Amino acid sequence: MTALNERGEIVIIGAGLIGLSLAFELRRRGARVAVFDRFEPAKAASWAAAGMLAARTEEIADEPMRVLCNDALENFPAFVDAVREASAVDPQLRRDGIVQAAFDDASLERLQARARALAAEGVGHTLLDAREALQLEPALASTVRGALLTHDEGSVDNRLLGRALLAALARMHVQVATSEEIELEFDARRVCGVRTRWGFRPAEIVVNAAGAWAPHLAGVPDECRPPVEPVKGEMLALAMPHDFVRHTMWLGGCYVVPRTDGRLLVGATGERVGFDHRITAGGQRQLLDRVLAGAPSLAGFSLVEQWSGLRPGTPDERPILGRTPRDGYLLATGHYRNGVLLCARTAELLADEIERGTPIDPAFSLARFSNNEAAVGA
Ligand SMILES: Cc1cc2nc3c(=O)[nH]c(=O)nc-3n(C[C@H](O)[C@H](O)[C@H](O)COP(=O)(O)OP(=O)(O)OC[C@H]3O[C@@H](n4cnc5c(N)ncnc54)[C@H](O)[C@@H]3O)c2cc1C
């Protein structure tokens, strides 16, 4: 197989964490890569996210997805080290665990069952009684009944990770450019390249990493369009004293994620309302009601930021990775709630497929949507 540095250019459409991570991985392997975005890079869902690395806490029942997320969690620290080294920007990876709190009998029993399942999987965790939970996280409501701390999860500052990837790619001489007009060109068999505002750019491979917009790229044949739909998430941030909340916590209906800059992120709503990304009174009230029920002592802190983003959802909540019916045209989209967690593993899988032809688990293929009935029109 021809080495990547002797092959034609790889063009990635979409400069979110998925597209940027893939560009980084491919460039590290010697490929010629360029990334095009319609808007500002690293400013869509990848900026809006909470950055949790919650492979265990998400309690994923779907086996291929569970394996993918667990692999991603293991792989993440090495990826962050590489990006930090290449960029001199620290994305603030935290691996101090995630706390899930229970406030009633039913959720306590669920946590106890979850602890047994984690033990069977050999995943490090601690089941805490009410007193221990309050000792670990004094901000929790005094009505807390118990909590489960998983040891190897945590968070990354996804906005810093985006900045770090952009800085690394600049140092590696990878073009990341914004062009409002982007149209892909195909012949009957394969992708030929991309037309941008600078003209036609031939490409051996084009990867669609356009997140929630992935079905809508111009020029793409219908049979190659992934069934991805935007799922809006609203968030807010409070300013808190240092270490007032120490861990990422799931409080029942919402989560909180502490940042080293003093913000406490609170998320997130989930709504299928198309490309409407307005921040609404109802969405913000839902978040505030839930977070103050689980941690009432946060009530006095300033509300410093409110925002929203569009998750790229798929019908089965798995991402869509790899080949399409047209040669050279690949997908890396549909990462829904876990695209930050999955960015490095996705990059590795796509790069292995591009470099060595290593097939990706068909559970993530476009072909799993039989007859492409679910495919979305332009
Ligand atoms: C509120 C919220 C909280 C979240 N929390 C977490 C979390 O804690 N942990 C986690 O792992 N995940 C989380 N996610 C999910 C995660 O953010 C996404 O799965 C991930 O960011 C998707 O990355 P992406 O690069 O595919 O998409 P995006 O970041 O949306 O990037 C897609 C890019 O494609 C560009 N684009 C669109 N159309 C075109 C076009 N025609 N031509 C060129 N470019 C185009 C866009 O401008 C954009 O820059 C959260 C998401 C939201 C909204």
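The values are calculated or read from the model by the stated rules, or taken from the named source; none is laboratory data. Not measured: the values here are computed from a predicted model. Don't worry about glycine lacking a Cβ; one is built from the backbone with ideal geometry, like all the others, and counts go over all protein chains shown. Surface areas here come from the heavy atoms of the whole protein model, side chains and all, with no ligands, DNA or RNA. Shrake-Rupley method; radii C 1.70, N 1.55, O 1.52, S 1.80 Å.
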The chain: longest segment with zero exposed chymotrypsin sites (Phe, Trp or Tyr not before Pro), where exposed means DSSP loop plus at most 13 other C-beta atoms within 10 Å, is residues 40-197
One would report the antiparallel percent of DSSP beta bridges in the chain, rounded to the nearest 5, as 70
Within the set ALA281, ALA72, ALA299, GNM on the chain using Cα springs under 10 Å gives the largest fluctuation to ALA281
quick shape note, region 281-369: Cα extents on principal axes in Å, largest first -> 56, 24, 19
The correct pair for region 97-185, radius of gyration to one decimal and Dmax as a whole number, both in Å and from Cα atoms, is 21.3, 62
Amide H proximity to ILE60 below 5 Å, modelled H, separation 5+ or other chain, gives none
Heavy-atom accessible area of ARG189, protein chains in place, probe 1.4 angstrom, given in Å² to nearest 10, is 140
Taking region 1-81, the whole-percent share of alpha-carbon pairs separated by over 14 angstrom is 71
Counting only residues 5 or more apart in sequence or on a different chain, those whose built amide H sits under 5 Å from that of VAL33 are ILE10
Per residue, accessible area of region 64-195 with a 1.4 Å probe, heavy atoms of protein chains only, in Å², comes to 45
Taking N as the residue count of region 178-290, its alpha carbon Rg divided by 2.2 N^0.38 Å gives 1.54
Largest fluctuation, ILE360, ILE12, ILE320 only, Gaussian network model of the chain with Cα springs under 10 angstrom, belongs to ILE360
Under 5 Å from the placed amide H of GLY154, counting only residues 5+ away or on other chains, we find LEU53, GLY97
On each of the three principal axes the extent of the alpha-carbon atoms of the chain, given in whole Å and largest first, is 65, 42, 42
With all protein chains present, region 77-234 has a carbon and sulfur share of its accessible area (1.4 Å probe) in percent of 50
Ordered by number, the GluC sites (Glu not before Pro) in region 143-241 that occupy a DSSP loop and have at most 13 other Cβ atoms within 10 Å are GLU180, GLU181
One finds the C-alpha centres of region 177-223 and region 1-63 to be spaced, in Å, by 16
Around THR280 (Cβ within 13 Å, Cβ-to-Cβ, excluding THR280; K/R +1, D/E -1) the net charge comes to 0
